[in-house]
Amino acid sequence: MLHIPRRHTTRKEALTPLAHCWGQARLRDDPSAITRLGVDETSSKKSHSYVTLGVDLDSARVIHVCEGKGKQTIAGLARHLLSKYVPAEQIEHLSMDLSRSFFPIR
């Protein structure tokens, strides 16, 4: 029986097609009608590798994902919405937990 060595794919190689599809979807995405925004962070398994999600609560769809949690992720979500011509004043309702990571340390 012929033994063919198995090629191990790195995490980056495995995620590259997904990143391309995500990038194309983001270009076509139109969250311009959003008025109710949900924000939450989550981690995979027990690791401390977090992602923060921005969700349109009316359509139940994810509109933005970024690595990490905290103030910088909220700023990234705000930049994304502004790039899609959604001014802050358009968001009438915001649902998010009150994690200390989202607020400045006093």
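The values are calculated or read from the model by the stated rules, or taken from the named source; none is laboratory data. Only a predicted model underlies this, so the values are computations on that prediction, with no experimental measurement involved. Reconstructed Cβ throughout: ideal geometry from the backbone, glycine too, with neighbour counts over all protein chains shown. For accessibility, only protein heavy atoms count, side chains too; no ligands or nucleic acids. Shrake-Rupley method; radii C 1.70, N 1.55, O 1.52, S 1.80 Å.
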**Request:** State whether the residues of the range 36-50 include one that is at pLDDT 90 or above and part of a loop (DSSP other than H, G, I, E, B).
**Result:** no
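Yes/no per residue for (1) in contact with a strand residue (DSSP E or B) (Cβ under 6 Å, 6 or more places away or on another chain); (2) among the charged types (D, E, K, R); (3) crowded, with 16+ Cβ neighbours inside 10 Å:
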residue	(1), (2), (3)
GLU41	yes, yes, yes
SER44	no, no, no
ALA60	no, no, no
GLN72	no, no, no
GLY76	yes, no, yes
LEU82	no, no, no
ALA88	no, no, no
**Asked** Limited to the range 51-84, what total is found for residues that are in a strand (DSSP E or B) and of a type in the set (Ser, Thr, Tyr)?
**Response** 1
**Request:** Return yes or no: is ARG28 open to solvent by less than 80 Å² (accessible area, probe 1.4 Å), basic (Lys, Arg), at negative phi and modelled with pLDDT under 90?
**Result:** no
